[in-house]
Every structure is written in structure tokens, then in C-alpha cells.
Amino acid sequence: MSLKDQIKAILQEAELYKKQGLLGEAKDKYKAASDIIYRNDQIKNRDSLIAAITSKINALDSDSDLLEHEPESPELSEKAQDLIKNLFSFSEKKDKDEAVLEGAIALAKFGQFDRAIKEFNDLLDKDSQRVVAAKNVLRCYVAMAAYDDAIAQYEKWKESGQFPPEQLEAVRSYLSEYLNKKGIKSQLSMPDTVPGAAETADLAGHSGGGDEETEFLDITSVGITLDTGPDKGKMVEFDVNFQSGNMLSLIISSKDKALIEGLQTGIKLSNIQYYSPIAIFKGSGIVAARTEISNGPKKGDFCLDIKIVNQ
Amino acid sequence: MAIFNLKKREIECKIVYYGPGRGGKTTNLEYLYKSYKKQIAGEMVSINTEGDRTLFFDFLPLGLGQIRGCNVRVQLYTVPGQVKYSSTRKLVLRGVDGVVFVADSLEVRREKNMLSLQDLQKNLKDYGKSIFKVPLVLQFNKRDLADEGIPLMPIDLMEKDLNRQLKAPTFQASAVKGNGVGPSLKECLKLTLKSLQKEFKWAQ
């Protein structure tokens, strides 16, 4: 193959890679062609050829730079957001509110925070979803690095009286710890009357950086060995209703109320089995909140939040 | 995961097109959308960047009609192939029932194919699934570029790189021309429905 044909073939390859969107590969080929031309004095119009190739390489660099700095989660159209909401809520549960919650979580996971916040806010009127929806609103603000907005939202909820004290404390505790992990010092005002508030306020986060949502396995159920009551020593298993990072929310039927009499807010549980699709592991946890659901289809049942403290 | 309504005898399953960036996943769906009008059950939706790279996913619903007494619907998705969209890939893969892995036959993309397959294996494992058990076909795309004098990997090299342990069905393809696109999906559907029949025992 003549030198001219060799260079032509390399340039054609570069053009094809560029057309395919393979910018790195195209750049490598342009450079290879440029090197060959540079090394061969006898090539006619050598300087203008090298200049032309350099210009192409610069254009590729510019395109690569644009790609690198594209927003990772641009705001999508409402239609696209609706699609995400519908396609990525996997709940097979019949409860409409839980399906709405899952859809909102899907939106947040795709970075559609404004829409997700709107959807979560719509759930604040539902007693069974209030705490988990509120936590996710705050999580969205923190994900957008809008820490002041997250704090302001919590204070607004406190002033509104929309949350019973125990629920508000669960939210306060969650936000406080989340901000702590981000290195943000905050002085969130305590709810007016909270049983066991001192213990809850002392909850220490475990070490570990990064995005806690993606660091934790999906836990489907937990087995708690009861320390008190008539079933002391017995392990009872509860399904996980919702998980946010290392915080698990369980719904306990009113029929099982006696089982959880000893599980007051702040209590540390040293022997918990966590069940996930790929592993079972032992650990401990702290009861972060325990609230009775006062209305809706699960009225009379209990929502128990367990914070995993080691895994 | 597949949704099976025993009362209505309806089954809905999810197939994901996986593979390295710019390998032809979206082109596969675009060809299917253009060519299989009878089976298309809605619009194809693409959430992509201004540069036409898949940002979140492409989605295409298919209706296959009655198969062994069950009304079968399939949702096809593609994932974004760029390395930086790793968490989105994992999100889209959740609940997958079958996979078409679209490998790029260009010699310069050899390593990217293998990294993408490893990525698939890891994400499936995180969902408690094994790449060896999930219904999976491999598509060796862009075979048409050999006519333009572009260096492609020989098929036996791609088989060795990607399929030595998996032993999945493989198809040569050119998604831009439509070659191999239908057969790849057909085989993936066959494997997926066979697996679901075993799981749900819905065949009459």
C-alpha cells in the first residue's frame, strides 16, 4: 500500500469513527495520520495537511468536552416524567398511595427532583406515607445541594403542626444525620413534645461516605429477636415496607401490637437478621420512630422505622 | 420482573438491550419500531441528549398476541451505554426478564464490550440474578462495516471474548440495515417466555 493510500485509509477510518460518535477512537486515528505525515518530508502540502488534521482534532476535543460537561440529569418534559413514574414503580401492592410513593422515588432516582418533590408533597396528607414522603422531600433538597431549603422545609413543617411530634422527630433526626454526613452543621429545632427525644437526638450515624442509597443492599425483610414480653427470645419476621439508605420502614399490623410493645423509640436492637435477595446478614439497629397510623386503609397499624447501625 | 395476571391470562415481561456506548442498542429499537408495525403496542420513547446519545433509556412496547393461551406483552428498553451513566443502567435493568447484549464488532471497541458485559454481570448480581441463568442472547453488531474496509473483530474472537463461559445464542447483525435485529429479539423472547412458562406454569 502506498503512503498516500495508507494515510487515506486511516483518515477514512477516523471519519467513520467520528460519524459513529466514537470521538476518542477518531482522535487516535487523526493523530496517527498526522504523525505519518509529519515523519515524511516528501509529502506535498505537508503543513496544510497537518493543520487540517489538527483542526479536526481540536473540533473533536471540543465535542468531547461538551459531552463531559453535559448535565447528567436535565429536567425532562412532563410526558417523560409521567413515563418514568409509571414504568419504574415496581410495587405490586394494591395500595394506591404506595404506588404513588414508588413513582415519586423513581422520579428522584432519575434526577427529576422538582417533580418528585411535588409528588412527595401530595402524600403528606396521608398518615401512613407522611414520614417517608417527608424524608424523601428532604433527600431531594440535599441531592440538589439545597441544604438551606431542606432546613427551611423542616422548620416550615414544624410550624405548620401538620406532623404529630413523633413523626416530626423521625424527620428531624433523619435530616440532622443526613446533613451531618454531608458535613453540614445544622441546629434543627426539636418538636415540642417528643417521648424519648433525647435518645433519638443522640443517634450516631455510622461511618461511611458516598451515596448511602446506592451503598445499601435492598433489604426485603428483617427478623427481630424480641427482648421483652411473652415472646421474649423469639425471632419474628417483618416485611420491609420501604427503605431509604440505612433506614427501614416496617408496617406492623395492629394484631401484632403486643409483639412490638417493647420496641420504643431509641431502643437499640442488637440481634437483627436482615434479608436481602442475595444475602442474609446479622446486625443491629435502633428504633428511630414508632407511630400509630391514625387514618387510611392501615388505620390502627404501626409504622416502625429501624435504622441499621452496622452491617 | 414479569407481571402475570392469572385471572385475565395476561403476561407482561421486560427485555433490556445492554452493551457499550454507540454499539447500536437504540438503532435496534428504531429498526424494530419501523419494521414491526403490527406488533408495536405504542410509541417508542427515547430520552436522550442533544447529541442523540441515550441519556436515560429508550422504551418500546410490543404486543405479541396469544401464546399458549396467554396474552403476551413485552416492554423493550435500552440502557445508556456511556460509562458515566452507570447508576441509570442499573435502574433500567431492575426487573429484567431477558437481555439482548449488543456488542460492537469494531476492533477498537474490543475492551469496551468486555467491560460492558462485566458491568451487566455485576448489576444482575446486585439484583440477585445470575448472568448464567438470565435469558440472554449476544448480538455482534456492525458487521456491515467490513465492506468499508474498517477493521472488525472476527466472529471467533468475539465468541471467545464474550461467550466462552456464557454459551449464549449469538447473532451477527447490522442494526442500521436491519440484519439480525429481528432474529436476535425473537430468540431472546423465546428464551424469556420459556423461562417464564417454567416460573409461572401458564402454558395451557
Which number in (1) in a strand (DSSP E or B); (2) at pLDDT below 75 marks the one condition that residue A:250 misses? (2)
Hey, residue B:8 hits all of (1) more than 10 Å from chain A (Cβ to nearest Cβ); (2) crowded, with 17+ Cβ neighbours inside 10 Å; (3) outside any helix (DSSP H, G or I); (4) not polar (S, T, N, Q) but one; which does it fall short on? (2)
Which one is nearest to residue A:285 (Cα to Cα), of the residues in the range A:176-196 that are out of contact with any Asp or Glu (no Cβ under 6 Å at 6 or more places or on another chain) and at pLDDT below 80? A:196
Here is a list: B:103, B:146. Which entry is touching a residue at least 60 places away in the same chain (Cβ under 8 Å), out of contact with any His (no Cβ under 6 Å at 6 or more places or on another chain) and within 21 Å of residue A:25 (Cα to Cα)? B:103
Could you check the range B:34-80 and list, in sequence order, the residues that are touching a residue at least 60 places away in the same chain (Cβ under 8 Å), over 19 Å from residue B:24 (Cβ atoms) and of a type outside the set (D, E, K, R)? B:64, B:67, B:69, B:70, B:71, B:72, B:74, B:75
Residues to consider are A:85, A:56; find the one that is part of a helix (DSSP H, G or I) and assigned by TED's automatic domain parsing to the domain that holds residue A:143. A:85
Of the conditions (1) modelled with pLDDT of 95 or more; (2) surrounded by 18 or more Cβ atoms within 10 Å (Cβ to Cβ), residue A:76 clears all except one; give me its number. (1)
Quick check: is even one residue across the range B:49-70 farther than 20 Å from residue B:192 by Cβ, in contact with a Leu (Cβ under 6 Å, 6 or more places away or on another chain) and part of a strand (DSSP E or B)? no
Neighbours by Cβ (under 9 Å, 6+ apart or cross-chain): first from the range A:45-73, more than 17 Å from residue B:83 (Cβ to Cβ) and within 14 Å of chain B (Cβ to nearest Cβ); second part of a loop (DSSP other than H, G, I, E, B) and at pLDDT 95 or above: none
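Okay, residues lined up against (1) small (Gly, Ala, Ser); (2) more than 15 Å from the chain's Cα centre (by Cα):
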| position | (1), (2) |
| --- | --- |
| B:17 | no, no |
| B:24 | yes, no |
| B:28 | no, no |
| B:31 | no, no |
| B:46 | yes, yes |
| B:76 | no, no |
| B:79 | no, no |
| B:88 | no, yes |
Any hit, the range A:60-82, residues being more than 17 Å from the chain's Cα centre (by Cα), farther than 30 Å from residue A:153 by Cβ and of a type in the set (Gly, Ala, Ser): yes
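The values are calculated or read from the model by the stated rules, or taken from the named source; none is laboratory data. This is a predicted model, so every value here is computed, not measured. Cβ: placed from backbone, ideal geometry, glycine included. Neighbour counts: every protein chain shown.
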